Amino acid sequence: MATIGILGGGQLARMLAIAGAPLGHRFLVVDSAADACAAQVAPLMQADWRDFATLEKFANQIDVATFDFENVPAETAEWLTSHTRVFPNPAALSVAQDRLLEKNLFGEIDLETPVFAAVDSIEDLRAAVAKTGLPAVLKTRRLGYDGKGQTILKSHSDIESAWQTLGGVPLILEAFVPFDSEISVVAVRSRSGEFRHYPLTRNWHQDGILSISLAPIKVDEEIERRAVARARALAERLDYVGVFALELFSCEGRLLGNEMAPRVHNSGHWTIEGTACSQFENHVRAVLGLPLGDTQALGCVAMLNWIGELPDATPILAEARAHWHDYGKSPRAGRKVGHATICADNAEELIQRLQRVGRALDREDHVAPVIAALSADAG
């Protein structure tokens, strides 16, 4: 029996602990918030990321450390390596924390990206706009997720206001991509170098936050091959251990790298009920050096993310092969508070279940894009 330490105490840590418990392992979570929701299922040590006295006590009680949150300071992860094993490694964490380093890495592994430019001044921003064209997306290089730390420039008149909104920290400007779809590769690499991936997942967002995921999706075999190959190349270049997600834009047969997440990922939540071995269990297996589990999909699966507050669970629970996840968080605008997974043997069955859920929850618009995608694939 091993004890896994998790830096970050959100819903991802919570689901890691739930997945690892049947394997006989224990968990210890460290987070700056006393009410972190993972504390409902695992012991919690409250500490700032630079409270090294407490972190040393944390390290002394665990066999390996991992993350549920990519914005843990890379220097904290590096410090931990002198006290315990840390997976993924701090170098992988550092790259994923900086959008410019991340985009440069994508280029090194032959993954095309939207046109981009570093921005450190208003003059840089004007020059970057000339390079990327408009519209474009201005983002902070660090600490941005779920749509935070970014703004869209639609015309040259937006340059000054965008700089006033985000200026003062290192930025990156990216050309706006008129993509056909957003897809992700959720993959896992073990300490021995074994690599596995889950079926490609299609994702829809609202206000920059993941709204719905659908898997597996029908894509051209060559696109799938390239997506998986780039994920494998990324994992090998970083000597990555654990689960990660590579987010991609699909644009008329081209694949453009958007970003990577060095952790278990929201777009992989469907794997809990939709596969034999979820992303959470596989992450536990990977960081402990255990054999990886089966990643094949068990039919068709849709994951509905609940943002801000939970809807009524009854219509979900009334459906066969539907599953409810309450993260134990208080309601708050923009906060991920839970999700539901709806599974089926085929697309037609999943469409029917989504239609019933959409009507019952008055969220027909919410599920409409997934139903349209499933209908197109079935046709």
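Can you give the net charge of the other residues whose Cβ lies under 14 Å from the Cβ of Glu222, counting K and R as +1 and D and E as -1?
Within the 14 Å Cβ shell, the charges total +1.
With charges only on Cβ, +1 for K and R and -1 for D and E, what is the dipole size of the chain about its Cα centre, in debye, rounded to 20?
Dipole magnitude for the chain comes out near 460 debye.
Hey, if we sort His25, His83, His269 by accessible area with the 1.4 Å probe, largest down, what's the order?
Final ranking, largest accessible area leading: His83, His25, His269.
Report the calculated FRET efficiency for Glu160 and Arg254 (r = Cβ-Cβ distance, R0 = 35 Å), to the nearest 0.05.
Here the calculated transfer efficiency is 0.60.
So how far apart, in nm, are the two label points at Phe52 and Ser375 if each is 7 Å from Cα heading toward Cβ?
6.0
Around Ile109, which amide H atoms from residues at least 5 apart in sequence, or from another chain, sit under 5 Å from its own amide H, with H modelled in the peptide plane?
The answer is none.
Which whole-number percentage describes the relative contact order of the chain, with Cα contacts under 8 Å and a sequence gap of 6 or more?
So the answer I get is 13 percent.
Ignoring ligands, DNA and RNA, what percent of the 1.4 Å accessible area of the chain is carbon and sulfur?
48
Rank Ala187, Ile223, His156 by how far each Cα sits towards the positive end of the charge dipole of segment 135-239 (+1 on Lys, Arg Cβ; -1 on Asp, Glu Cβ) and give me just the farthest.
So the residue furthest toward the plus end is Ala187.
Using only the Cα atoms, what convex hull volume per residue in Å³ does the chain have?
Measuring per residue, one finds 139 Å³ for the Cα hull of the chain.
Where the centre of each part is set by its Cα atoms, how far does segment 110-170 sit from segment 288-356, in angstrom?
Rounded to whole Å, the Cα centres lie 34 Å apart.
With all protein chains present and a 1.4 Å probe, how do Glu78, Glu224 order by accessible area, largest first?
Working: Glu78 105, Glu224 65 Å².
Sorted by accessible area, descending: Glu78, Glu224.
For labels at Thr151 and Leu101 in the simple 7 Å Cα→Cβ model, what's the distance in nm?
2.7
If I ignore ligands, DNA and RNA and count only protein heavy atoms, how much of Asp207 is accessible to a 1.4 Å probe, in Å² to the nearest 10?
My reading of the accessible area for Asp207 is about 150 Å².
The values are calculated or read from the model by the stated rules, or taken from the named source; none is laboratory data. The structure displayed is predicted, hence computed values, not measured ones. A quick note on method: Cβ atoms are made from the backbone with ideal geometry, for glycine too, and the neighbour counts reach across all protein chains shown. For accessibility, only protein heavy atoms count, side chains too; no ligands or nucleic acids. Shrake-Rupley method; radii C 1.70, N 1.55, O 1.52, S 1.80 Å.
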